[in-house]
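Heads up: the structure comes next, in structure tokens.
The values are calculated or read from the model by the stated rules, or taken from the named source; none is laboratory data. Please read all numbers here as calculations on a predicted model, not as lab measurements. Cβ atoms come from the backbone with ideal geometry, glycine included; neighbour counts cover every protein chain shown.
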Amino acid sequence: MDIKQLRYFDAIVKHGKISWAANALYISQPSLSMSLSKLEEELGFRLLERNDGMFKLTDAGAEFYQHVKLVLSMYGNMEDEVQYIRKKGSGKLKVGITETFRMVTPELFEIYLDKYNDLDIQLTEGTTTHIIKQVKTHQLHFGLTTLNYLEDGMESIHLGQNVYSVLVHKDFPLQVVRLEDLTAHTLIFIENSTVLNKFLQENNLQFRNIIRVDTIGTAVRLVKKGLGFAVIPEFYAKHYTDDDVKSINLQHDLKSPDLYLSFMKNRHFSPVMEDCIKMTHGYLLG
């Protein structure tokens, strides 16, 4: 088998029909069908079966397809790196982060570019599941996320505990609080705050009113407007600089999964990429 066959197979899976995949690939339907047949013959098992006019993966095909996605991702990364080698540039760094790490990306990028001024950078933001999946398929060089557990085959460097603090408007009088002290105020609640939600339910805490939002960034902007307080990761609050808000210590021991820098153990990195990982580690632990 060759990379072209795998790309053709990937296109059929994604489009569901030979005709649609052929149009996307700008090849004839017979050529695409022949490529699929040759691949199945070489493997010795069926990859696809028809279901209501669409091609669906067989059980064996689904297992094989996981390997195909990894191979295609690695091959695509290799093609990118070859282009940079030809140009004799520093390359393209692909980083993934969850929102907790958003406030440190400007400083990290400044560090990278101070040393490698021709470095291209691609930033991907998403959930831990999304970022770790892309790290495992070599679509990202490394990820900065929280982790519930450590993945096999992945190097995960512990960056610290993910504790919480309270973000309030600059005029808020207290320096240390219990959530019980804030029931007369408006809580700006971030929807994926499972640890906080569990604590509020267990302690039957109710507030004057609640504004529900999807992201930390939105919660911060509402606090800045003086519309309430938010319980956010201390790491985010520590690196958020704005004279209109301040973070104060929370007496409760609220913790989410710890913070990690993760990359694949068996992946080859260029010297520049290795250095960027080391600089990231050094800055975040410094």
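Observations on the structure shown:
- When Y112 is tested against the conditions (1) more than 26 Å from S256 (Cα to Cα); (2) part of a strand (DSSP E or B), the lone failure is (2).
- The residues on offer are S35, S73, and the sole one that is under 20 Å from K4 (Cβ atoms), at pLDDT 90 or above and assigned to a helix (DSSP H, G or I) is S35.
- Cβ separations smaller than 8 Å between residues 6+ apart or across chains give the following pairs from the range 151-177 residues that are exposed (fewer than 12 other Cβ atoms within 10 Å of the Cβ) to residues that are not in a loop (DSSP other than H, G, I, E, B): G153/K136; G153/M264; Q175/I248; Q175/N249; V176/I248; V176/N249; V176/L250.
- Looking only at the range 223-246, residues that are farther than 15 Å from Y164 by Cβ, hydrophobic (A, V, I, L, M, F, W, C) and crowded, with 18+ Cβ neighbours inside 10 Å come to 1 in all.
- Boolean, S19 is farther than 30 Å from A237 by Cβ and surrounded by fewer than 13 Cβ atoms within 10 Å (Cβ to Cβ): yes
- Candidate set: the range 256-272, residues that are of a type in the set (S, T, N, Q) and not in a loop (DSSP other than H, G, I, E, B); chosen: the one modelled with the highest pLDDT: S262
- Residue among D253, D275 that alone is of a type outside the set (A, V, I, L, M, F, W, C) and in a helix (DSSP H, G or I): D275
- Members of the range 3-32 found to be outside any helix (DSSP H, G or I) and of a type outside the set (G, A, S), listed by number: K17, Y26, I27
- Residues being within 18 Å of A237 (Cα to Cα) and either basic (K, R) or assigned to a strand (DSSP E or B) (or both) - total across the range 163-211: 15
- Looking only at the range 148-167, residues that are modelled with pLDDT under 95 and either within 13 Å of F101 (Cβ to Cβ) or outside the structural domain of I190 (by TED's automatic domain parsing) (or both) come to 2 in all.
- Subset of the range 136-156 (residues that are more than 22 Å from K92 (Cβ to Cβ), touching a helix residue (DSSP H, G or I) at 6+ places or on another chain (Cβ under 7 Å) and in a strand (DSSP E or B)): T146
Results for (1) within 22 Å of M74 (Cα to Cα); (2) out of contact with any Asp or Glu (no Cβ under 7 Å at 6 or more places or on another chain); (3) touching a residue at least 24 places away in the same chain (Cβ under 8 Å), shown as yes or no for each residue.
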| position | (1), (2), (3) |
| --- | --- |
| F9 | yes, yes, yes |
| I18 | no, yes, yes |
| Q29 | no, yes, no |
| S35 | yes, yes, yes |
| L39 | yes, yes, yes |
| G44 | no, yes, no |
| N51 | no, yes, no |
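- Residue match in the range 247-255 (condition: free of Cβ contacts under 8 Å to residues at least 12 places away in the same chain and either buried (at least 18 other Cβ atoms within 10 Å of the Cβ) or in the same structural domain as Q161 (by TED's automatic domain parsing) (or both)): no
- Residues of the range 102-117 that are hydroxyl-bearing (S, T, Y), closer than 14 Å to L284 by Cα and in contact (Cβ under 8 Å) with a residue 40 or more places away in the chain: Y112 alone.
- Answer from K115, K69, K133, K92 - the residue that is surrounded by fewer than 19 Cβ atoms within 10 Å (Cβ to Cβ), in contact with a Phe, Trp or Tyr (Cβ under 9 Å, 6 or more places away or on another chain) and of a type in the set (K, R): K92
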